[in-house]
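First the structure, in the form of structure tokens, and then the observations on it.
The values are calculated or read from the model by the stated rules, or taken from the named source; none is laboratory data. This one's a predicted model, so the numbers in the text were calculated from it and none came from an experiment. FYI the Cβ positions are ideal-geometry reconstructions off the backbone, even for glycines, and counts take in every protein chain you see. For the accessible areas, the whole protein counts, side chains as well, though only heavy atoms, and no ligand, DNA or RNA atoms are used. Shrake-Rupley method; radii C 1.70, N 1.55, O 1.52, S 1.80 Å.
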Amino acid sequence: MGGFVITILLVLILLMLFFRFVPIGLWISALAAGVKVGLFNLVGMRLRRVPPQKIVMPLIKAIKAGLDMDTSKLEAHYLAGGNVDKVIDALIAAERAGIELNFSRAAAIDLAGRDVKEAVMVSVTPKVIETPVIAAMAKNGIQVKAIARVTVRANIDRLVGGAGEETIIARVGEGIVSTVGSAESHKDVLENPDNISKTVLAKGLDSGTAFEILSIDIADVDVGKNIGAELQIDQAEADKNIAQAKAEERRAMAVAQEQEMKARVQEMRARVVEAEAEVPIAMAEALRNGNMGVMDYYNLLNVQADTTMRDHIASATNPTADKE
């Protein structure tokens, strides 16, 4: 009795492992949908670490949509890191819209990191890209701010290796700046904003990108700052600062020269005082050696007294005279 129970348990365990490893339910769903998928093929997917659900369900969807597809292509794309479901959805949408798109191209677009389904939808329904506020300056120095709306359609042939939306926005911004900068006055831009879109559109900004530009419309145009006046004010302020710096430099040089002259005068006075201090010594030596008489000495004193008196008289007559 115990052996019979163990046998039943082993059979149940084997059946559970079998149904867990072999997707019988998925195989039955494929047969019901008219898609021929071998049971051993599903087991092989398990062994290749490919979830059968991610292959069989998109395959059923493709066969029902009339696409010629097999599991090997889908498995290869999944193992390469692609999204099988999105690729099948994109192929179905392209087939319904009459867009020529094969599995290899769709798989390449998906592996390139782009949303292939969204790309097909953008090819059918154009997408509007709005640029940020773009500021440019006309020739009269007035700033003009503009916002553009770019209507684009995905180019399937350039999705792999083509530039994205950021490049479109950058090129449109460059075109707006160039067009506004070539205008004589900001009034010309405000009066005819469509000139911007015509000029920018004529430059073929979509070359090398994953999109085809259908139209460029200026959504908003506004007047900004008077950049020319601000530049003139800044230049005048800079000129003033330069002039002040040069004037300060000249004043410093004058002060330095004045200090140098004072130093020279002090030096000369020191020499005069030193020379005057040697006069009594020389006179005493002359008296001692007989080179000068007593009367000569008294006459010299009289001359000095007379000079001192004249100086006092001159000072009294002209009190505003400089006194050293």
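Answer yes if at least one residue in the range 294-304 is outside any helix (DSSP H, G or I), touching a residue at least 12 places away in the same chain (Cβ under 8 Å) and either open to solvent by 60 Å² or more (accessible area, probe 1.4 Å) or touching a strand residue (DSSP E or B) at 6+ places or on another chain (Cβ under 7 Å) (or both), and no otherwise. Give the steps one after another, and end with the answer.
Step one: list which residues in the range 294-304 are outside any helix (DSSP H, G or I), which gives none.
No, the range 294-304 contains no residue that is outside any helix (DSSP H, G or I), touching a residue at least 12 places away in the same chain (Cβ under 8 Å) and either open to solvent by 60 Å² or more (accessible area, probe 1.4 Å) or touching a strand residue (DSSP E or B) at 6+ places or on another chain (Cβ under 7 Å) (or both).
Would you be able to say whether some residue in the range 168-184 is in contact with a helix residue (DSSP H, G or I) (Cβ under 7 Å, 6 or more places away or on another chain) and hydroxyl-bearing (Ser, Thr, Tyr)?
For the range 168-184, residues in contact with a helix residue (DSSP H, G or I) (Cβ under 7 Å, 6 or more places away or on another chain) and hydroxyl-bearing (Ser, Thr, Tyr): present.
I'd like the residue in the range 139-180 that is farther than 14 Å from Leu205 by Cβ and assigned to a helix (DSSP H, G or I) and, out of all such residues, is modelled with the highest pLDDT.
Once the filter is applied, the top-ranked residue is Val180.
Could you list, in sequence order, the residues of the range 205-220 that are open to solvent by 30 Å² or more (accessible area, probe 1.4 Å) and either free of Cβ contacts under 8 Å to residues at least 60 places away in the same chain or within 26 Å of Met121 (Cα to Cα) (or both)?
Asp206, Ser207, Gly208, Glu212, Leu214, Ser215, Asp217, Ile218, Ala219
Collect the residues in the range 26-64 that are in a helix (DSSP H, G or I) and closer than 21 Å to Arg96 by Cβ, keeping them in residue-number order.
Going residue by residue through the range 26-64, those that are in a helix (DSSP H, G or I) are 26-32, 39-47, 52-64.
The answer is Met57, Pro58, Leu59, Ile60, Lys61, Ala62, Ile63, Lys64.
Tell me the residue from Ala106, Ala62 that is under 54 Å from the mean Cα position of the chain (by Cα), open to solvent by less than 20 Å² (accessible area, probe 1.4 Å), more than 30 Å from Ala163 (Cβ to Cβ) and modelled with pLDDT of 75 or more, please.
Every option except Ala62 fails the conditions.
For residues that are assigned to a loop (DSSP other than H, G, I, E, B), open to solvent by 60 Å² or more (accessible area, probe 1.4 Å) and within 16 Å of Leu101 (Cβ to Cβ), tally how many sit in the range 65-86.
3
Give Thr199, Thr167 a once-over and let me know the one that is within 13 Å of Ile218 (Cα to Cα), without any contact (Cβ under 8 Å) to a residue 60 or more places away in the chain and of a type in the set (Ser, Thr, Tyr). Full working, then the answer.
Numbers: Thr167 fails: within 13 Å of Ile218 (Cα to Cα).
When all the criteria are applied, what remains is Thr199.
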